[in-house]
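Down below is the structure, laid out as structure tokens.
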Amino acid sequence: MKEQDLRAVEAMCSCGMDFDTLCACFPGFLAADLKNVYDNYKGVSQPVPSVAMSVNCS
């Protein structure tokens, strides 16, 4: 998927388009690619392990 295609799909996600509608509007793209963009935009991804950090500002 090209960068401009990625931005177009993200723009549709920002308008509230659901995954099934994305697949219907972009039939030339793989559903797995669309799902990846959709999940990344909606914040549905594998949790990133957090790192405990202590900062002393004194």
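The values are calculated or read from the model by the stated rules, or taken from the named source; none is laboratory data. As the structure is a computational prediction, the values presented were derived from the model and not from experiment. FYI the Cβ positions are ideal-geometry reconstructions off the backbone, even for glycines, and counts take in every protein chain you see.
Some points to look at:
A quick yes/no check of all residues on (1) touching a residue at least 24 places away in the same chain (Cβ under 8 Å); (2) at positive phi; (3) exposed (fewer than 14 other Cβ atoms within 10 Å of the Cβ):
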{"residue": "Asp5", "(1), (2), (3)": "yes, no, no"}
{"residue": "Val9", "(1), (2), (3)": "yes, no, no"}
{"residue": "Met12", "(1), (2), (3)": "no, no, no"}
{"residue": "Met17", "(1), (2), (3)": "no, no, no"}
{"residue": "Thr21", "(1), (2), (3)": "no, no, yes"}
{"residue": "Ala24", "(1), (2), (3)": "no, no, yes"}
{"residue": "Pro27", "(1), (2), (3)": "no, no, yes"}
{"residue": "Tyr38", "(1), (2), (3)": "yes, no, no"}
{"residue": "Gly43", "(1), (2), (3)": "no, yes, yes"}
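Conditions (1) under 13 Å from the mean Cα position of the chain (by Cα); (2) modelled with pLDDT of 90 or more, marked per residue:
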residue: Gln4; (1), (2): no, yes
residue: Glu10; (1), (2): yes, yes
residue: Gly16; (1), (2): yes, no
residue: Thr21; (1), (2): no, yes
residue: Gly28; (1), (2): no, yes
residue: Ala32; (1), (2): yes, yes
residue: Asn36; (1), (2): yes, yes
residue: Val44; (1), (2): yes, no
residue: Pro49; (1), (2): no, no
